[in-house]
Amino acid sequence: MEHELLKELEVSGTPHPLCLQWTGEVTREEKESVRLSVRISGRGKSHAIHELVAVHTVKELTLPAQSLNVAQLTAQYTHLRDLPFEPYANAVPRILIGIDNCRITRALKSVDGRCNEPVASKTRLGWVVYGPCSVARVKPNFTGSSIQKCSCSFAPDELLNGAVKQYFNLESIGIDKSVRPLRSKDDERALTILERETKFDGQRYETGLLWRYDCVNLPCNKAMALKRYACLKQKMLKDPILADAVKEKIKEYMAKGYIRRLSNEEMSRKHANDWYLPIFPVTNPNKPGKIRMVFDAAAKVNGVSLNSLLLAGPDLLAGLLAVLLKFREFRVGVVGDIREMFHCVGIKKEDQRSEMILWGESNRGDPDVNVVTVMTFRAACSPTSAQFVKNRNAERYRKDFPRAVDCINEEHYVDDMLANVETEEGIRAR
């Protein structure tokens, strides 16, 4: 639906930026799009009212003006006479009804004539006419656009060719060094943000969230976060051991500077990217007594989550199979890992407002509002950002420690190191 129509109807929706794609690989970003539900009916009091859910607005549909001259049409085609068509002139469509609401536009009854003559169909919104028409002054009353691409539209030969290519690609993993991969538009944007925002302050690196759009306006989700916080507190009351572990972990994060409480002045300011992350603990049966705090960036409000507005970014990981094959090259294996890899990278202050959490030691009163100052494990962009920072930091030492840089770039899978040497003495030599 066109955004101007939204204003004319005096209705509102939830901000939900879109990137549309249709035939010819044509794409368009709709950064100001909103999502809402609207009610629609055909003309006249006899038509029922139908609800359209998940309607998205666009700046303009840019569809051509359309006209329907009923008198000319029925004079030319006798089978269309006595049907209740509504004439219109130079009407510009401002809403498109897609197949997710096909029940509304499904033909309940059809009237057709001879071959190459228009067909009339009765839908829940009224009668429509479409098809070839020899009346010169009558414009077609339908314009269609395809905004989806389905793999089943490829010819069998193309599918077979793709399958063979994939087979040979698998055969050469870890053997043939592939050329630089082509990046998607989203991946290029993510890398541009990383190059621009990643900085070293002398002690640690700092970067920004990989926002999908330049302008982000998040809905208020504090009520949802408060509800999740109450559930966490209730769970802690029932399990004192878990409660102690959670409190200890939060204290540890605050002592290390991973979490900081917002001041009253900071709380009084509102930002378009304000977002609360619900938190919850997870345990590992193989590591009794240890917990990991999860910052739930996938939690949704009105269909929007923090992750839905973040780019995952390109895959910067070294290939797992290549890492494993190299690990079998020599006799002695050397393993290690990067401690708290994600928490080693800070998030710039402007983006910390999108990582607010609720926490209070007491079970009474309102919890304090804190922000997470580092990358979080569940954020969609964290894996790519962490790999980018890891590799950039390693390149600072290439001149003095080239072997170490190669190990960091090529012999790590996420935060785990798998290196090897021929003898134990070779560990220091390499």
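The values are calculated or read from the model by the stated rules, or taken from the named source; none is laboratory data. Here the structure is a predicted model, which means the values were calculated and not measured. Positions of Cβ are generated from backbone atoms using ideal geometry, with glycine treated the same way; all protein chains shown enter the neighbour counts. With ligands, DNA and RNA removed, areas are computed over all heavy atoms of the protein, side chains included. Shrake-Rupley method; radii C 1.70, N 1.55, O 1.52, S 1.80 Å.
Restricting to the range 360-390, give me the number of residues that are part of a helix (DSSP H, G or I), among the β-branched types (V, I, T) and in contact with a Gly (Cβ under 9 Å, 6 or more places away or on another chain).
1
Being part of a loop (DSSP other than H, G, I, E, B) and either open to solvent by 20 Å² or more (accessible area, probe 1.4 Å) or touching a Pro at 6+ places or on another chain (Cβ under 6 Å) (or both): is that true of N393 here? Steps first, please.
On the way: part of a loop (DSSP other than H, G, I, E, B): no; either open to solvent by 20 Å² or more (accessible area, probe 1.4 Å) or touching a Pro at 6+ places or on another chain (Cβ under 6 Å) (or both): yes.
Answer is no for this residue.
Hey, among L242, L232, L237, which residue is open to solvent by 30 Å² or more (accessible area, probe 1.4 Å) and either in a helix (DSSP H, G or I) or of a type in the set (A, V, I, L, M) (or both)?
L237 is the lone residue from the list that is open to solvent by 30 Å² or more (accessible area, probe 1.4 Å) and either in a helix (DSSP H, G or I) or of a type in the set (A, V, I, L, M) (or both).
Six or more apart or on different chains, Cβ atoms under 9 Å: show the pairs whose first residue is in the range 355-366 and within 21 Å of A299 (Cα to Cα) and whose second is surrounded by fewer than 12 Cβ atoms within 10 Å (Cβ to Cβ).
Matching pairs, first to second residue: L358/D366; G360/D366.
Has the range 252-261 got any residue that is open to solvent by less than 90 Å² (accessible area, probe 1.4 Å) and under 30 Å from L182 (Cβ atoms)?
no
Of (1) part of a helix (DSSP H, G or I); (2) surrounded by fewer than 15 Cβ atoms within 10 Å (Cβ to Cβ), E340 satisfies all except one. Which?
Answer for E340: the failing condition is (1).
Any residue in the range 214-232 that is at pLDDT below 95 sitting within a Cβ distance under 6 Å of a residue that is part of a helix (DSSP H, G or I) and not small (G, A, S)? List the pairs, counting only those 6 or more apart or interchain.
Qualifying pairs under 6 Å: V216/L309.
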